[in-house]
Amino acid sequence: MIAVNRFGINFSQIRENAKLKLSELLKKTVSGSGDDVQTLRLAACCNAAESALGLVAFNEQLIAATALYSNRIVEMKTGEGKTLSAVFAAFLLKCEGRKIHIFTFNDYLAKRDYNWMKPVYDLLGVKVALIVEKTPFNERKSAYNNADVIYSTVKECGFDFLRDFMVFDSESTVGREDPRFDFAIFDEADSVLIDEARIPLVIAGDVDATVSDEFVKVFDFAAAFTEEDYGINHETMGVFLTDEGVRKTEEHFRTDNLYDEENIDLRCNMDTCLKALFYLKENRDYVVKDNRIQLIDALTGRIAQHRLLPGPLQSAVEAKHGLKVTERGVVTGVIPIQFFARQYQEIAGMTGTAVSSAEEFELLYGLEVEVVPPHKPSKRTDHLSAVYYDSESKWKAVTEKILQIHKKKQPVLIGTSSIEESENLAQMLHKSGLDSVSVLNAKNDEMEAEIIKNAGKLSAVTVSTNMAGRGIDIKLGGAAGDESDYHEVIKAGGLHIIGTTLYENTRMNEQLNGRSGRQGDVGETSLFIALDDEIMLKYDLKKAIGKLRYPKPATDEITSKKVRKEIERTQRIAQSKLLEERKRLLRFTMIGEKHRDIIFKKRSEYLSGANESALPISLDIWKNYAEDEYKKAVGKFGEEKLQAAQREFILSAINEIWCDYLEYTSELRTGIHLRAVAGRNPSEEYNIDAEVYFEGAEGRLVDKVVEALVALTDFEQLDDYRTNLFKPKNARTFLMEESGDELVRKPILLNIFEEVDESESQ
Ligand code: ADP
Ligand code: MG
């Protein structure tokens, strides 16, 4: 086996040592380095896994563990035992004093893996903890501070990171420093690190809204617009000015060029007002109830409690309906999953499908892919794809195929691209007389796990979206099946996978196929494609294949080699387009990431008192910038109390300035494409503007704090200062979906963090 020596693993020595007593082994592994101690450590792992779980680790699992330890993305097929490999890697790292976070795809899997592997960790003397959505504050804190290994999801640890940016004393942070983000192992690494890479984790809240005179002027002006002044862009969910609109605006506000640097505020206000007036619609996007604007959730169609529109948009919609301007939503922190992963000193990952995305792993994270061969070679047969003229004939063929497979009692798992497709297919199967169809439709991860576990039972028919039930093992014969159940299914041909579309990334198709042929089992895969599948339409496949003579009737399979070639080419084009898109987006996002790193680090250093001069400003802002007021206030309240108040003001001002920055850059990005018209490079322009704005942050911080002091000198009691702190209410965390380069965002998960609210508003 080639890969063996690449990592210098001595298998026989490990097996030999694993026979020793664990306590002796552990004593020997405490210190030292080099191959010998690594061999002993892996031996300890093998020993513990066998005693705790009765699993004798395969050589392949040892290779995977060593590769993870060496920062690789490990490709190891589904069912080969990645969960245990990660434990071994974690132990190797822990022996070197590292702190390891193991991220799984969802809460359900984090909990499953934690419970499953905990006995191994216990024997090895490794402290392991679990953080899922329901984990209370104290347990989180204890996990971050005490555990060697944490099982969690990116979402949970990412939100903890953002939340810690909002607290006012170091006791209230959950994370530890030194370093908080040490080593992360990502399970299902392709889903998390690539497919979800761009999804931002967001923390938001509401603040009292004030509206400037300028804003009111713009609003009143735009409210009188007629249809010739503006147009609606449904793709970007924005409203733009027509030439006539631009002319009128320039005339009204007395400027030669609306797109001049100096008119940025005017343009931002204009964007907001136009969107409120002409894009957002009553009863579609929001309702007006009890004299308030209440948002309608785009996904559920229900009123979203505690949710306000971002920034001044809320105020503008309120103005549109003549309501009193109240509060507005602000984003107080945001981090895309990709950049959360980059917070770690080192990362590694594992998945069944990595090779076809090797270029992306390299681009986004600088990680190499390591392929670990299966323990037993797979006996899966992949059939040539079947191409149809349109989706109607495709789904008919899929249905027939399923019935055919089902006749032999062979279990079949069908992957679709949406819940809707899943349900339609299930209905077609019902009509054809097939009653016992299980449909996975993402109600919750636990229920899905229960269903998909049994997709390998004799005669099972399971319809699922591509992603559903990831990480769940499908055993032939069913989860609780015995030897004879297993052999019956083997005789029927193993699990048959049916793919129903070509994805933009070949990896997506492989993910589904990978569920069959587990641990050397037999199995089959088939793929059905229609010339009007989404990807084909997007890349205009029909044009590419030109005039073809289709078989008659057009419902039959198309077997033309030319068509097949063009389809393959389409997928290759799609794949490289995706990569280009990622590269392009990176050019826009890198600067914000740099700025966030700076500001988060400084605030946390200042908060913990680790570095009192962490801020790029003199700490005694009040003394230095408003000496007279400072003296007056000291006389009234005493220096010590005043310093404490200043500390809070600085912390809150940092948050406020960061909020402003996020709002500014988001507006900037929405408007930046207009600059391209003037022959300038939008991403460069964006970077320059963002940098300039960020550089001004220090000055604005000083202004804010000084302003707070001046206000404070009039207070009767010092404690009243708290009313002037920037502390958004109704703190909530959610994920956002980004599409294209515009920020079309909708919350797809809402989770109110009550603790933030209560501890801070007192
Ligand atoms: P993966 O995450 O790679 O898809 P899992 O970690 O979920 O795989 O393991 C799949 C199955 O293989 C589980 O049922 C597990 O108990 C089993 N397994 C893991 N390691 C071994 C081993 N060394 N010997 C026998 N079975 C194993
Ligand atoms: Mg797994």
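If I stretch the segment between Asn291 and Asp182 completely, what's the gain in nm (0.36 nm per residue apart, minus their alpha carbon distance), one decimal?
Values: separation 109, 0.36 × 109 = 39.24 nm, distance 4.96 nm.
Once the chain is fully extended between Asn291 and Asp182, it gains 34.3 nm.
Using only C-alpha positions, report the orientation-averaged shadow area of the convex hull of the stretch 59-182, nm², one decimal.
Numbers: hull surface 31.3 nm².
So the mean shadow area of the Cα hull is 7.8 nm².
Could you pull the Cα extents of the chain along its three principal axes, largest to smallest, in whole Å?
So the extents along the principal axes, rounded to whole Å, are 87, 75, 48.
What ³J(HN,Hα) values, in whole Hz, does the Karplus curve 6.51 cos²θ - 1.76 cosθ + 1.60 give for the stretch 638-650 when θ = phi - 60°, with x put for Gly and Pro?
x, 5, 4, 5, 5, 5, 5, 5, 4, 4, 5, 5, 5
For every helix of n ≥ 4 consecutive DSSP H residues, a contribution of -39,500 (n - 2.57) applies; sum these over the chain, divide by its total residues, and give [θ] at 222 nm rounded to the nearest 500 deg cm²/dmol.
Working: 30 runs with 363 residues, N = 762.
The helix contribution divided over the chain gives -15000 deg cm²/dmol.
About the Cα centre of the chain, how large is the charge dipole given +1 on each Lys and Arg Cβ and -1 on each Asp and Glu Cβ? Please answer in debye to the nearest 20.
Details: 99 positive and 126 negative charges, 733 e Å.
Approximately 3520 debye in magnitude.
So what J values fall out for the stretch 353-367 if you push phi through Karplus, 6.51 cos²θ - 1.76 cosθ + 1.60 with θ = phi - 60°, rounded to Hz, Gly and Pro as x?
9, 10, 4, 6, 10, 4, 5, 5, 4, 5, 5, 7, 10, x, 9
Restricted to Cα positions, what overall size does the stretch 1-100 have along the principal axes? Three whole-Å values, descending.
34, 27, 27
Past the 21 angstrom mark, what percentage of all C-alpha to C-alpha distances in the stretch 416-548 do you count? Before the final figure, lay out the partial values.
Numbers: 4071 of 8778 pairs.
For the stretch 416-548, the fraction of Cα-Cα distances above 21 Å is 46 percent.
If you place +1 on the Cβ of every Lys and Arg, -1 on the Cβ of every Asp and Glu, and leave all else neutral, what size is the dipole of the stretch 51-192 about its Cα centre, to the nearest 20 Debye?
Details: 17 positive and 21 negative charges, 45 e Å.
That gives a dipole near 220 debye.
Run the reach check for Lys401 against aspartates and glutamates, Cα to Cα strictly under 13 Å, same-chain hits fewer than 8 apart removed. What comes back?
Within the straight-line limit of under 13 Å, Lys401 reaches these aspartates and glutamates: Glu524, Glu557.
Mind checking which aspartates and glutamates have their C-alpha under 14 Å from Lys289, skipping anything on the same chain fewer than 8 residues away?
Within the straight-line limit of under 14 Å, Lys289 reaches these aspartates and glutamates: Glu318.
If each residue's Cβ is checked for other Cβ atoms within 10 Å, how do Glu698, Glu656 rank with the fewest at the top?
Listed from fewest to most nearby Cβ atoms, that is Glu698, Glu656.
On each of the three principal axes of the Cα atoms of the stretch 485-591, give max minus min coordinate, whole Å, ordered largest first.
55, 50, 17
Taking Lys408 as the anchor, which lysines have their alpha carbon closer than 23 Å to its alpha carbon, excluding any fewer than eight residues away along the same chain?
List returned: Lys379, Lys394, Lys396, Lys431, Lys453, Lys457, Lys475, Lys491.
Please report, in cubic angstrom per residue, the volume enclosed by the convex hull of the alpha-carbon atoms of the stretch 156-290. Provide the component values of the computation, followed by the final result.
Values: hull volume 31.6 nm³, N = 135.
Here the figure is 234 Å³ per residue.
Extension gain Ser432-Glu362, at 0.36 nm per residue separation less the Cα-Cα distance, in nm? Please report the intermediate quantities before stating the final value.
Details: separation 70, 0.36 × 70 = 25.20 nm, distance 4.75 nm.
This chain segment gains 20.4 nm when fully extended.
Tally Lys and Arg at +1 and Asp and Glu at -1 over the other residues with C-beta under 14 Å from the C-beta of Glu227: what net charge comes out?
Taking every Cβ under 14 Å from that of Glu227, the sum is -3.
Express as a percent, rounded to the nearest 5, the fraction of DSSP beta bridges in the chain (both residues included) that run antiparallel. Before the final figure, lay out each step's value.
Details: 28 of 78 bridges.
Expressed as a percentage, antiparallel bridges in the chain total about 35.
Every number in this text was worked out from the coordinates using simple rules, so none of it is lab data. Here the structure is a predicted model, which is why all the values come from computation and not from measurement. Quick reminder, even Gly has a Cβ in these numbers, built from the backbone with ideal geometry, and neighbours come from all protein chains shown.
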